[in-house]
C-alpha cells in the first residue's frame, strides 16, 4: 500500500513538474537589468551557426526530481537503485530518439568486483613500540583489499615514503634508495607544495594527478608494496573524514579483470598517524617537512602491520548507458562529440533514520541535464555525431569512464571532445561559467566564444587546489588523448551575490551525505544555463571545420597521437 501511494504521489508530482514551464531565468535577467548592467545568460539565445535547441527547464526538473527521489534509492552501484537507473536512462534514450551506441544496445557492460571489509572478523593491528595501537576501524582507520581477494595475512614492516611520488619531469622520486617490496607504505595525500625558489613545481598551488589518492595506490603497486595507508587531513584531501567513512565503511568497487592493486589499501586519521609515528619514535611534523624537499629519503618505521584482513567479495555487472545523434555531414559524421555524466551515487547505507544517499546535486543534476540536452540535440543534429554517455561507478573511482577509455564505443582518435557534467548549479543563473581545464586545449578558445554569444564570460581561473581536473570522468578521456573537461557553474550570480554565494558554499556540508536531496523550491535556471552552454559548446565543436587539439607540450597531447 505504501509503495502504491508513493508511486501515485510521484506520478502526480512529475505531471506537475512537466507542465510547469519555468521562466525564472528571464525574470531574474529582467530584474538584474534594472539593478545592474548584468547581461542575460538564458537558454533562448541562439548562437549563430551552431544552434542546438533550447534546453527545457521543465524536462530537466522532472528528471532530476525522479532520479533523486527515494524511489531510485540513491542510485547505488551494485544495488537495486542502480539497476532502476540504468533501465530509466535506457528507456528515456529511446523516448527522446537517441540511437543505440553499442550495436543494438544502449548498454555497455562494466564488470566490477564489490569489496566489503569485515573488520569484526579480522585481526589486523598496527604495532609500534612493542604495543598495538588502540584504534578502531572506521573511527581511526579504514582499509580494504585492492586486489579483490577475500583474505590476506600480514606481518609487514611500515615505511614512510612522504608523498609517494615518482615524477621524472619534476626530478622527484620519493622511492630513491629504498626497497619497499612487501612493505606497507605510509603516504601523505596531495603533492609537494610550491616554494619561493620553485613556485610552479607540481603546478604550484594546484593539485596534480600525483596528489590524488588513486595515483598513490597505483604507485604503491608499481613499487611492489604489499599495502598502502594514506594520512588524511581535511586540507590535503579537500574533504573531511566523514567522506572517507561513507566510502570505506560500505562496499567498495574496482574494475574486475583490470590490473589488481595491493593487498591492502586504506586511510588513517591524522591523530592515528601521530600516535603511530610517536610510538615508533618519530616526529610526524619533522618528517612531513622533510618530505617537501627533493632530497627526502624514505624512513623505515619501527612499526608493523600484523594480523589478518577479511572481506566479502562479489562480482556484479553494471552498465554505462550511451545513445547517439548521428551527424549530418557525409564525412564529419564519422567523428563524434561526447557529453557525459555519471549516473551513480552512494545508494542505501547504514541503519539510521535516513539510509538513502539521494545524490540530487551529485550527480542527479548532470544525469538529468544530459537527458534534457539529448532531446534538443536529436531535434537539431550537427555535422559531427554526438553521444550522450551516462557512466557507472564514478563514486567508486571513475570506473565506468575508465572502462570506456579502455573499450571505447567510438574510436578515440575520432572523438573530437568530451564535455562532462558533474554537480550542477542549483542556486541561480550567473554571469560567468566555469571551464577549468579547457585552457589545455583549443576547447578553451571555443568555450570563450560560446560564452560571449550567450552574453556570458569565462569564470576567472583559480588554482585547482582540490585537483578537480583529475577527479571527474572527463579525466579518463583526457588521459587517453581526447580533449576533455567538466563544465562548472559560475560564481558571479545575477541575483543577490552574497546570499547566493553562501547557498552554494553550504552545499559542502551536504556533499556525500543523506541531505543531498532535491528541493522543489530550487531555482533551476542556473542549471539550465549550464546545460545550455554545454550543448551550445558541443554543437560548436560538432560543426567546426576540424577537431580541437591539445596545446603544444601538454602531457595529454602525447596520448592523442597514439589514440585508436
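The values are calculated or read from the model by the stated rules, or taken from the named source; none is laboratory data. It should be emphasised that the depicted structure is a prediction, and the values quoted were computed from it without experimental measurement. FYI the Cβ positions are ideal-geometry reconstructions off the backbone, even for glycines, and counts take in every protein chain you see.
Of note:
- Here residue 32 clears all of (1) assigned to a helix (DSSP H, G or I); (2) buried (at least 18 other Cβ atoms within 10 Å of the Cβ); (3) modelled with pLDDT of 50 or more except the condition numbered (3).
- Remark: pairs (first residue in the range 320-336, farther than 11 Å from residue 409 by Cα; second residue at pLDDT below 95; Cβ separation under 7 Å; 6+ apart in sequence or on different chains) are absent.
A quick yes/no check of all residues on (1) under 30 Å from residue 136 (Cα atoms); (2) surrounded by fewer than 24 Cβ atoms within 10 Å (Cβ to Cβ); (3) modelled with pLDDT of 95 or more:
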| site | (1), (2), (3) |
| --- | --- |
| 289 | yes, yes, yes |
| 322 | no, no, yes |
| 326 | no, yes, yes |
| 339 | no, no, yes |
| 350 | yes, yes, no |
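- Sole residue being over 29 Å from the mean Cα position of the chain (by Cα), touching a residue at least 12 places away in the same chain (Cβ under 8 Å), at positive phi and assigned by TED's automatic domain parsing to the domain that holds residue 213, chosen from 138, 164, 129: 129
- Within the range 175-196, restricting attention to residues that are on the phi > 0 side of the Ramachandran plot and out of contact with any strand residue (DSSP E or B) (no Cβ under 9 Å at 6 or more places or on another chain), the residue that is surrounded by the most Cβ atoms within 10 Å (Cβ to Cβ) is 190.
- Output for the range 353-365, where each listed residue is out of contact with any helix residue (DSSP H, G or I) (no Cβ under 7 Å at 6 or more places or on another chain), in a loop (DSSP other than H, G, I, E, B) and touching a residue at least 40 places away in the same chain (Cβ under 8 Å): 354, 355
Conditions tested, residue by residue: (1) assigned by TED's automatic domain parsing to the domain that holds residue 407; (2) under 30 Å from residue 205 (Cβ atoms); (3) buried (at least 21 other Cβ atoms within 10 Å of the Cβ).
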site	(1), (2), (3)
234	no, yes, no
246	no, yes, no
254	no, no, yes
259	no, no, no
264	no, no, yes
277	no, yes, yes
302	no, no, no
305	no, no, yes
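- Strands (runs of 3 or more DSSP E) contained entirely in the range 203-284, each with at least 1 residues that are over 23 Å from residue 465 (Cα atoms) and at pLDDT 95 or above: 227-232, 264-269
- Filter pass, residue 377 being more than 20 Å from residue 473 (Cα to Cα), touching a helix residue (DSSP H, G or I) at 6+ places or on another chain (Cβ under 8 Å) and not in a loop (DSSP other than H, G, I, E, B): yes
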